[in-house]
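The values are calculated or read from the model by the stated rules, or taken from the named source; none is laboratory data. Model, not experiment: these values are computed from the prediction. Counting neighbours? That spans all protein chains shown, and the Cβs are built from the backbone with ideal geometry, glycine included.
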Amino acid sequence: MPSEPKAIPPRYRWVVLILFTLPAAMSQMLWLNFAPLLTEIQKKYRVDELASNLLILPFPLVYVLISIPAGFLTDKRGYHYAISLGSIIMALFATLRIYDGPFWFLVLCQVGIAIGQPFIINGISKLVADWFDHEQTALATGIGTLGMFIGMALGMALAVPLSQSMSYSAAMGVFAIMTAVSTLLFVLFARERHGIKDDATAAMARDLKQLFTSKNLKLIFIISFLALGYFNGFTGWLEQILAPNGVGAEAAGNAGACLIGGGILGAAIIPAISDAIKRRKPFLIVCCFAAGSLTWPLCRAVDGPLLYVYSVLLGFFFLPGYALLLAATEEFAGRDKAGSATGLLMLFGNAGGVVVLLLMDAIKSGPKDWTNAVYLLLATIAASLLLALFVGESFRKNTAN
């Protein structure tokens, strides 16, 4: 909604940031709410294991296709316009999911929701650059990503209880109402402060060329490909990875929720420390190292306290790396190209999500043996750690270099 920038008090930045977390949370909730239910989905619709993952796979795949256009739209029309558009699209298709139709219809609804997601998520860097001082970049980005982590936790924790306590349509109705409310609140009450915009059409070729000439940004994009590929593959197949250990669907969903819960706590602490000591690189290294150390124990854990302890620790140390990648991207690219750079970051990340998700299914040791797939996860995170050692320090960088 149009308003005079000078009439908006600076302290309203926290309201805008919290309002952003609402549709961001819903986008992740609608993505992962089927992850703990894949076995039930296979029985309900009589589809195989890979086909059931079509309810999750469209999100990284569509992100690859739409991320750059979403970033350019954010730069040209502003993040309020882009996030509002994505939220409305998401709410529409979330509502259509209430109809208990054939499997192809549910996949179509997931694709529709996935189309809205890049317009929402790509706006975070621009929003933070518009409202917050540079010294608060990682903290504000971390708070913004908290909404995403909360949405992931809600999707994985609520799916099984809702599916067991009510009908499919009623469960989808709960998710749709939450999505509609979050969309309405953002559209009505979020504002832009300075409206940092760029002529996206004229700047497209220029921005891509400049962004890809930055060694640091290229390393960040590759790390995003590997790290988000790791995360998407891990969460997408979590139920199947843990099943041979005697972990049921509900326990796997709870483990996923614990992982995200740890990420929520970590995202509130680690980026703030990063801002305080004015360093990004050491924390990226720690995030990758911790993930590499905890992956195998978690994937081999049985249903018990250690399963949840490992999940919380992995989330606490690994997921804040997402906020750090976003902050570093904005710092290396510069604020005027933050939307485009974030779009590229998410394009690479979601491309990795598609590749790793499919490769894990292709190389698994057997129908119920995911050992080789876990080795792939370890390889991706080890490569991320190696690349993080060569990334420059981004704090106080205002242009790509």
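A few comments on the model shown:
- Enumeration of residues in region 282-339 that are of a type in the set (K, R) and either in contact with a Lys or Arg (Cβ under 6 Å, 6 or more places away or on another chain) or under 17 Å from C258 (Cα atoms) (or both): R300
- Where T380 falls short, out of the listed (1) out of contact with any Ser or Thr (no Cβ under 7 Å at 6 or more places or on another chain); (2) under 17 Å from A35 (Cβ atoms); (3) at pLDDT 85 or above: (2)
- Only one entry of L208, L217 meets the criterion of being farther than 25 Å from V16 by Cβ, at pLDDT below 85 and either crowded, with 19+ Cβ neighbours inside 10 Å or out of contact with any Asp or Glu (no Cβ under 9 Å at 6 or more places or on another chain) (or both), and that entry is L208.
- Residues of region 36-62 that turn out to be hydrophobic (A, V, I, L, M, F, W, C), part of a helix (DSSP H, G or I) and touching a helix residue (DSSP H, G or I) at 6+ places or on another chain (Cβ under 6 Å), as a count: 9
- Filter result for I98 (outside any helix (DSSP H, G or I), more than 21 Å from A327 (Cβ to Cβ) and in contact (Cβ under 8 Å) with a residue 60 or more places away in the chain): yes
- Number of residues in region 98-131 that are out of contact with any Lys or Arg (no Cβ under 6 Å at 6 or more places or on another chain), closer than 20 Å to D75 by Cα and either at pLDDT below 85 or not hydrophobic (A, V, I, L, M, F, W, C) (or both) equals 9.
- Some residue of region 393-400 being out of contact with any Lys or Arg (no Cβ under 8 Å at 6 or more places or on another chain), outside any helix (DSSP H, G or I) and at pLDDT below 85: yes
- Test result for L313, closer than 19 Å to A157 by Cα and in a helix (DSSP H, G or I): yes
- Note on region 247-287: residues that are farther than 22 Å from I223 by Cα, in contact (Cβ under 8 Å) with a residue 60 or more places away in the chain and not in a helix (DSSP H, G or I) total 1.
- Condition check for F149: crowded, with 24+ Cβ neighbours inside 10 Å, aromatic (F, W, Y) and modelled with pLDDT of 85 or more: no
- For region 328-344, the criterion of being outside any helix (DSSP H, G or I) and either over 16 Å from G236 (Cβ atoms) or in contact with a Leu (Cβ under 9 Å, 6 or more places away or on another chain) (or both) is met by at least one residue.
- For region 131-142, the count of residues that are over 21 Å from the mean Cα position of the chain (by Cα) and among the aromatic types (F, W, Y) is nonzero.
- Given (1) modelled with pLDDT of 85 or more; (2) of a type in the set (A, V, I, L, M, F, W, C); (3) over 23 Å from L345 (Cα atoms), number of the condition M1 does not satisfy: (1)
- Selection count where residues are buried (at least 24 other Cβ atoms within 10 Å of the Cβ), among the small types (G, A, S) and at pLDDT below 85, scope region 229-251: 1
- Flag: L306 does not match the condition of being out of contact with any Pro (no Cβ under 8 Å at 6 or more places or on another chain) and either farther than 24 Å from L219 by Cα or assigned to a helix (DSSP H, G or I) (or both).
- Listed by first and then second residue, the pairs linking a residue in region 158-181 that is touching a residue at least 60 places away in the same chain (Cβ under 8 Å) to a residue that is charged (D, E, K, R), with Cβ atoms under 6 Å apart and 6 or more places separating them unless they lie on different chains, are V160/E250; Y168/D100; S169/D100; M172/R97.
- Scan of region 85-109 for residues that are surrounded by 24 or more Cβ atoms within 10 Å (Cβ to Cβ) and more than 22 Å from I18 (Cβ to Cβ), ordered by number: R97
- Pairing residues of region 288-310 that are among the hydroxyl-bearing types (S, T, Y) with residues that are outside any helix (DSSP H, G or I), at Cβ distances under 6 Å and at least 6 apart in sequence or on separate chains, gives Y310/A301.
- Qualifying residue in region 310-325 (condition: small (G, A, S), in contact with a Ser or Thr (Cβ under 8 Å, 6 or more places away or on another chain) and on the phi < 0 side of the Ramachandran plot): yes
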